[in-house]
1. Which one is modelled with the lowest pLDDT, of the residues in the stretch 121-170 that are of a type in the set (Val, Ile, Thr) and more than 25 Å from residue 502 (Cβ to Cβ)?
2. Out of the stretch 348-367, which residues are over 23 Å from residue 312 (Cα atoms) and out of contact with any Phe, Trp or Tyr (no Cβ under 7 Å at 6 or more places or on another chain)?
3. Listed residues 336, 359; which is assigned to a loop (DSSP other than H, G, I, E, B) and within 30 Å of residue 272 (Cα to Cα)?
4. Can we say residue 464 is part of a helix (DSSP H, G or I), of a type outside the set (Val, Ile, Thr) and loosely packed, with under 11 Cβ neighbours inside 10 Å?
5. If I filter the stretch 387-407 down to residues being of a type outside the set (Phe, Trp, Tyr) and under 29 Å from the mean Cα position of the chain (by Cα), which single residue comes out as surrounded by the most Cβ atoms within 10 Å (Cβ to Cβ)?
6. Specify the residue that is surrounded by the fewest Cβ atoms within 10 Å (Cβ to Cβ); the eligible residues are those in the stretch 196-217 that are among the charged types (D, E, K, R) and touching a residue at least 60 places away in the same chain (Cβ under 8 Å).
7. Could you tell me whether residue 14 is among the aliphatic types (A, V, I, L, M), modelled with pLDDT of 80 or more, surrounded by fewer than 13 Cβ atoms within 10 Å (Cβ to Cβ) and more than 30 Å from residue 345 (Cβ to Cβ)?
8. The conditions are (1) crowded, with 20+ Cβ neighbours inside 10 Å; (2) in a strand (DSSP E or B), and residue 328 fails exactly one of them. Which is it?
Amino acid sequence: MRFNKTYLPLLFGVVLAIGVVIGSKLNFNDTTEKIFATNSKKDKLNRLIDYIDYEYVDQVNTDSIVDVTVNGILENLDPHSVYIPVDAYEDNADDMRGNFVGIGISFYPHNDTIAVIRPIEGGPADRAGIRGGDRILSADDVPLYGENFNRDSIAAYLKGNKGSKVKLKIYRPEDKQLLTISVKRRDVPLLSVDASYKLTDDIGYIKVNRFSETTHEEFDDALEELNDAGISKLVLDLRDNPGGYIYTAEQILDEFLGRDKLLLITRNKNGDENKSYATRKGDFQKGEIYVLINENSASASEIVAGALQDNDKGIIIGRRSFGKGLVQREMALGDGSAVRLTIARYYTPTGRSIQKPYGNGNKAYYNEYENRYRNGELLSADSIQVADSLKFVTPKGKIVYGGGGITPDVFVPKDTSVASETIEFVSRSGYMGYFVFEFLEKQRSDFANISFEEFNRSYEIDTELAEEFIVYARLSEARIDLSEYKEELKKAIKANIAQQLYGPNAFEMIINQGDPMLEKVLELEGVLTPTLEE
């Protein structure tokens with residue numbers, strides 16, 4: 001193709017004009033008025049970032065500045081509007097999806113190797129024959145051992161695309177075997193139902209730790225199994241459950257409430273209301289239900305407790321819940337990060353908002369627990385502060401209150417003793433897990449043919465093992481003195497052994513023995529004689 005030279009002056013003029021425009025944007029010796037033609041609020045952040053990119057004296061990672069800025073903006077809105085940076089997004093997404101793609105193991109960095117605590121039951125590693133106690137030496141010939149190996153990157157080698165295979169070199173200490181095992185990566189559940197079992201012949205128990213995409217399916221399976229086992233009453237444990245998806249809470253409520261029962265009201269900034277109703281006959285509509293809540297039960301947990309309470313279904317037991325009545329929607333920001341922005345408030349079926357005040361900032365908001373502790377609310381129902389102006393009435397005439405959490409129908413005080421809080425910490429935080437793993441390294445074969453039922457019924461933790469843990473805790477980085485809690489530690493150690501051998505359901509069955517809220521349920525059911533209070 002020949003080019004007509006008569007167009008050269010015109011072409012040069014166009015290029016020159018484009019160059020002037022681009023140059024005006026890049027020449028930071030010009031005045032700010034020339035750099036930006038507009039003066040909108042939205043341009044301020046872009047302007048500042050550009051100044052830093054082009055003019056600041058040192059090299060600066062402006063991506064990190066944007067992250068800090070976005071966080072600062074959201075912190076000035078409300079405590080639940082949050083920014084999810086790129087490097088945290090996938091883990092957040094996995095948690096809410098209720099699964100991830102991988103091989104399905106829990107593990108410890110043990111000395112200089114990766115030690116399998118136990119494979120997830122039914123997961124890829126379990127089906128491939130990997131056992132608790134195995135050492136993973138390499139993945140696809142990449143060494144996963146040695147002092148210089150970056151342990152933070154272990155998961156990256158074990159996760160991958162669905163259907164892909166990873167070749168693992170395994171050392172099995174109990175048999176002194178070196179094995180090569182190929183595992184196909186599949187969806188691995190992040191279970192939100194921690195436990196499901198029978199408390200008595202007719203009372204079932206289900207503990208839910210969050211409301212993810214898979215929670216209703218897990219819950220439905222657990223409930224069906226308990227129904228088949230003949231229960232007529234259910235304890236739903238939502239203690240320390242921070243919430244999750246609203247629609248998952250609605251799905252679970254559908255199991256308990258009849259068609260067209262009001263579940264939830266949401267209202268946006270324009271005053272537009274959306275009402276959610278039960279859609280079908282629930283699988284446990286006729287059964288009796290107890291819901292356990294505490295000061296850490298929030299969001300979707302409060303939706304469930306509030307809807308049941310307002311529909312006169314069941315009994316709420318425990319302490320006043322957290323008090324989160326705001327609804328968030330996740331919105332992508334285009335670079336792999338996202339924001340969860342508060343878009344509405346929600347109200348229980350009687351019309352009450354349970355959102356606690358947040359005008360004094362995020363720190364005061366999340367430290368409100370300390371106020372509850374100081375004013376005696378954790379120890380006495382009489383200390384719970386309610387406002388008559390926020391009084392509501394259920395269809396059967398029960399008085400309920402808005403203004404900061406769900407107030408239980410039956411109050412159970414918190415054991416605020418040092419012994420109780422310390423044992424709870426070592427039991428559930430994973431702090432005891434490494435000690436128990438070391439114990440099982442020497443004793444694992446002793447449990448090879450013992451069922452959980454036999455273990456739960458007959459196995460006793462001796463004083464010597466409790467004393468060993470006391471020494472371990474004293475010499476570890478935490479430097480906790482547990483010498484006064486020998487007997488309490490025995491149950492915690494047994495529960496942690498059960499968890500590593502038999503899974504989370506076994507842990508809950510043991511740790512829940514003697515639990516005050518469960519004992520209150522049994523007391524209300526006439527199974528236990530009421531305890532006389534001084």
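1. The selected residue is 142.
2. If we filter the stretch 348-367 for residues that are over 23 Å from residue 312 (Cα atoms), which is where we start, we get 356-367.
Scanning the stretch 348-367 gives 356, 357, 359, 360, 361, 362, 363, 364, 366, 367.
3. 359
4. Details: part of a helix (DSSP H, G or I): yes; of a type outside the set (Val, Ile, Thr): yes; loosely packed, with under 11 Cβ neighbours inside 10 Å: yes.
Spelling it out, residue 464 is indeed part of a helix (DSSP H, G or I), of a type outside the set (Val, Ile, Thr) and loosely packed, with under 11 Cβ neighbours inside 10 Å.
5. In the first step, residues of the stretch 387-407 are kept if they are of a type outside the set (Phe, Trp, Tyr); the result is 387-391, 393-400, 402-407.
Pick out the ones that are also under 29 Å from the mean Cα position of the chain (by Cα) and you get 400, 402-407.
Details: 400: 22, 402: 24, 403: 19, 404: 23, 405: 27, 406: 32, 407: 23.
Taking the candidates together, the pick is 406.
6. Here the residue is 213.
7. Here the answer is no, as residue 14 does not meet what is asked.
8. Single failed check for residue 328: (1).
The values are calculated or read from the model by the stated rules, or taken from the named source; none is laboratory data. Because the structure is a prediction, the values reported are computed rather than measured. Heads up, the Cβs are rebuilt from the backbone with ideal geometry, glycines too, and the neighbour counts pull from every protein chain shown.
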